[in-house]
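To start, the structure itself, in structure tokens.
The values are calculated or read from the model by the stated rules, or taken from the named source; none is laboratory data. Here the structure is a predicted model, which means the values were calculated and not measured. Don't worry about glycine lacking a Cβ; one is built from the backbone with ideal geometry, like all the others, and counts go over all protein chains shown.
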Amino acid sequence: MERILVIGSSGQIGSELVLELRKIFGNSNVFATDIKNPTDEVRNGGPFQILDVLDYQNLLHFLVRNKITQVYNLAAVLSGNAEKIPLQAWDINMKALMNTLLAARKSDAKKLFWPSSIAVFGPTTPRNNTPQLTVMEPNTVYGISKLAGERWGEYFHKRYGVDFRSVRYPGLISYKTEPGGGTTDYAVEIFYEAVKKGSYE
């Protein structure tokens, strides 16, 4: 039986993904974690724990103690916020990934899912029929960290056998969670601001 850890279960992807994974694998086999409280659905539907992915020893202990076989690492400083705090965003995004790669290598969690982004491409990438392998010159902190993360995942796969998987998502929005600092979050923020202030700037 698979035992799954979702890191970042309070975010746009995590809050939905946890619910779907619990339908497939059972509530008690999908562990939701984050550094902030989740939705009531996530909290009440199965195990939830506050877990900081930047704390490697605690993360490794969690994986071993709960016999985790798969990890979904969704923790990140998103694109818009990353531009405001570039060095801190780099440190958080890369350390979160490296900790999960290292912990997966040292535990039974041999499958690691980590979302990448179309931000890896940048302005010099061909815009029509963009191939999988092409020019990648990202010009944002988020894109640079995602490109580096893809390479680290490939390295850990080839060198240590970690089953690393990633999808390059475009902008994502959610009607269930508040915006988290991505570049497309304005599509949701405009409605929150309109209700609160009557306008969006």
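General remarks:
- Here the range 13-40 is the region considered, the condition is being among the acidic types (Asp, Glu) and free of Cβ contacts under 8 Å to residues at least 24 places away in the same chain, and the residue that is farthest from Ile68 (Cα to Cα) is Asp40.
- Scanning the range 107-157 for residues that are under 21 Å from Val6 (Cα atoms), of a type in the set (A, V, I, L, M, F, W, C) and assigned to a loop (DSSP other than H, G, I, E, B) yields Ala109, Trp114.
- Long-range neighbours under 7 Å by Cβ, at least six apart or interchain, first residue under 16 Å from Thr33 (Cβ atoms) and hydrophobic (A, V, I, L, M, F, W, C) within the range 88-101, second assigned to a helix (DSSP H, G or I) and at pLDDT 95 or above: Leu97/Gly149; Leu97/Trp152
Condition check ((1) within 11 Å of Val6 (Cβ to Cβ); (2) within 17 Å of the chain's Cα centre (by Cα); (3) surrounded by 14 or more Cβ atoms within 10 Å (Cβ to Cβ)) across all residues:
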{"position": "Thr33", "(1), (2), (3)": "yes, yes, yes"}
{"position": "Asn37", "(1), (2), (3)": "no, yes, no"}
{"position": "Val42", "(1), (2), (3)": "yes, yes, yes"}
{"position": "Gly46", "(1), (2), (3)": "yes, no, yes"}
{"position": "Ile50", "(1), (2), (3)": "no, yes, no"}
{"position": "Gln57", "(1), (2), (3)": "no, no, no"}
{"position": "Phe62", "(1), (2), (3)": "no, no, yes"}
{"position": "Arg65", "(1), (2), (3)": "no, no, no"}
{"position": "Gln70", "(1), (2), (3)": "yes, yes, yes"}
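- Test: residue in the range 89-110 that is hydroxyl-bearing (Ser, Thr, Tyr) and over 18 Å from Ile144 (Cβ atoms): yes
- Leading residue by the ranking (farthest from Leu5 (Cα to Cα)) among those in the range 95-105 that are surrounded by fewer than 17 Cβ atoms within 10 Å (Cβ to Cβ) and out of contact with any helix residue (DSSP H, G or I) (no Cβ under 6 Å at 6 or more places or on another chain): Lys95
- Residue pairs whose Cβ atoms lie under 8 Å apart, sitting 6 or more positions apart in sequence or on different chains, and linking a residue in the range 102-117 that is in contact (Cβ under 8 Å) with a residue 24 or more places away in the chain to a partner that is surrounded by 19 or more Cβ atoms within 10 Å (Cβ to Cβ) and among the basic types (Lys, Arg), are Ser116/Lys146; Ser117/Lys146.
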